[in-house]
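Chemist: One structure, pasted below without further comment.
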Amino acid sequence: MADATPGGDARDARARRARRVLERGFGYVGFRPGQAEAVEAALCGRDAVVLLPTGSGKSLCYQVPALVAFEAGRGATLVVSPLIALMRDQVGALAGRGVPAAALHSHQGEAEGREAVSRLLRGELALLYVSPERASKDGFRRLLGRAPIAGIAIDEAHCVSQWGHDFRPDYLRLHELREIVDAPMMALTATATETVLAEIEEKLALRDPLRVRSDAARPNLAFSVRPLRTQAERQAALCAALDAAGMRARRGAGRALVYCATRKTTEKVAAALRSEGFGVGFYHAGRTKLARERAQAAFEAGRTRVLVATNAFGMGIDLPDIRLLVHFQTPGSLEAYYQEAGRAGRDGAPARCVLFFGAADLVTQRRLASADAGVFLARRREEALRAMEAYAVGASCRQAMLTERFAPDALAPPCGGCDVCRGEVEGEPAERAARPAPTPLPDAARDTIVRAVGRLTRPVGKQNLARALRGSRAKTLSRGGLLQMPEYGALAERSEAEIVAAIDALLAEGRLRRAGRKYPTLWLPGKPIRGAGGADADAAEGGGRARPPKRSSRYGGPVARALDSYRRRQARALKWKAYMVFQRRAMLAIDREEPTTREALARIPGLGPAKIERFGDDILALVRQHGSRSQS
């Protein structure tokens, strides 16, 4: 497999071929951290274990060398993937780029399966996706013996480990593929501890594998933990979080995903949100296949902006704009938590990941795992729960704790965005769970809160407002006029929890409103926000005349909106997902650059020749119609 060119010349030649494929086939001019090392390992015939965080482009690590090998006439790359939906998405996205790829799975017709096999045997496929169960069948292995195979990629490789949170027994037989195929093997995952990495290498029989890993941190994600004991408390906190993220509106930017531990809780939470006026769907393995597909399709198309789900809605979810991800109940391990939380903010824009935690969650997880036999496995599960609890009650930066969990040698700096770094931790969960529910405040105290908000010079967070009303001298209270308002210290006899609960009730009643997207704050309905960034939006709400919205790098301007409508129409016509037409980052780059020729369009990261050939003329027409030049 290795190139015959000596030494550094061979590496340079491989790197040039890989970059050429990356640019021509996928529309990117450079690799992300970790990708180049993984690609080089595959091209020089070496096994590799690739640990990259969710959303960092793991699939390119095997897709680029697969195309290089295909163009060199060395055959197809076999990709073992655990979910049919994930296979379909990958094959669809590759087809949209003009990459010859196919899948074999139980949900396709006989004719489609025969055609995929014929293309493999004729050497017409660069990538073939199969499930671990299919890869274990004798008939499929006989097929592999008749076809040229250039490489093997094992996606979601943590499924090989009983330490892992998605264990699949058929993964334990994948090492047998090496008896049939003499090709490098790449194992890829987003979440694996040192123990799981070692188990992946052992169970897959990898030969002197290169370990590729990048920083596990996701700096655009703001992590927080809410110590909440009762279902009612959690439901109220969930509604507040969804309101803060702007999810009550039927249409808007972004989506929210809510994870629950059990099917029963999933249905209860979805029903409660629906009664509160949210457009919501729910997903769990107990629903029929058609019901699950409809729930997922509605969420992906934006017809419902909130989805409540168990971990059955999991691997392979590739939605770029999940702005809020809430774990209504604590999962059974940090690995499961970080993988699920990692589905937020995949477009790189800010997103919130909120974990509701209470002692009862650990009891639920132990009950869910009680059917598993074996003392050894039970001990592993208990260790995982202890790590999960340590994270939830910890007093250090959440992002740093997660980063160091998956990279023990890393010394991650404080992220500055989690609840610990912002000084917004509500107290020890065990202590909070033992407290009774906050006593409702009388009307006079509630009126005091509303008057205090009315005197503010800028919106503030509810925790800071509550602390000011109790008379705190914390440094964080120096902004917004909190220390100067007459109501400062007026509710000193009330607890912070009681004041915060009253604020939540006032928000629900509409006597207060939330302002701000990234860190929601409090303000009076109808009162304009003076100063940078707020005047435009609030002038309209207060009855004034609003200026036209400025273009932002996050949401784009008229071109981006027109392109978003266009890609949704194309996706419906082609039965694709919207991101398969082109991704949001490409859409925003077009909006920013306003290319006028195909040559300029080719410089947009993430498009590539196949997309430009298929959609380029339409894109350029939309730029001419909606771009700034058309307005001048």
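The numbers here are math on the coordinates, done by the rules we state, and not lab data. Predicted model, so just to flag it, every value in this text is computed and none were measured. Cβ: placed from backbone, ideal geometry, glycine included. Neighbour counts: every protein chain shown.
Chemist: Give the percent of DSSP beta bridges with both residues in the chain that are antiparallel, rounded to the nearest 5.
Modeler: For the chain, the DSSP antiparallel bridge percentage is about 10.
Chemist: For the stretch 221-434, what's the relative contact order in percent, using C-alpha pairs closer than 8 Å and at least 6 residues apart?
Modeler: Contact order relative to length: 28 percent.
Chemist: With charges only on Cβ, +1 for K and R and -1 for D and E, what is the dipole size of the chain about its Cα centre, in debye, rounded to 20? Each step should come with its number before you reach the end.
Modeler: Working: 100 positive and 70 negative charges, 446 e Å.
Taking the Cα centre of the chain as origin, the dipole is about 2140 debye.
Chemist: Okay, next question. Which entry in (1) 49, 45, 18; (2) 72, 35, 28; (3) 45, 31, 22 is this structure's computed semi-axes √(5λ) of the Cα gyration tensor in Å?
Modeler: Correct label is (3).
Chemist: Report the number of Lys pairs in the chain whose alpha-carbons are under 17 Å apart, with separation of 8 or more residues or on distinct chains.
Modeler: 4
Chemist: Another question, if that's okay. So how far, in whole Å, is the C-alpha centre of the stretch 214-258 from the one of the stretch 86-101?
Modeler: 32 Å
Chemist: Could you put THR77, THR262, THR230, THR448 in order, starting from the residue whose Cβ has the fewest other Cβ atoms within 10 Å?
Modeler: THR230, THR262, THR448, THR77
Chemist: Using only Cα atoms, find the angle between the long axis of helix 110-121 and the longest principal axis of the chain, and express it within 0 to 90 degrees, rounded to the nearest 10.
Modeler: Rounded to the nearest ten degrees, it is 60.
Chemist: At 222 nm, what helix-only mean residue ellipticity would the chain give, in deg cm²/dmol to the nearest 500, using -39500 (n - 2.57) for each DSSP H run of four or more?
Modeler: The helix contribution divided over the chain gives -13500 deg cm²/dmol.
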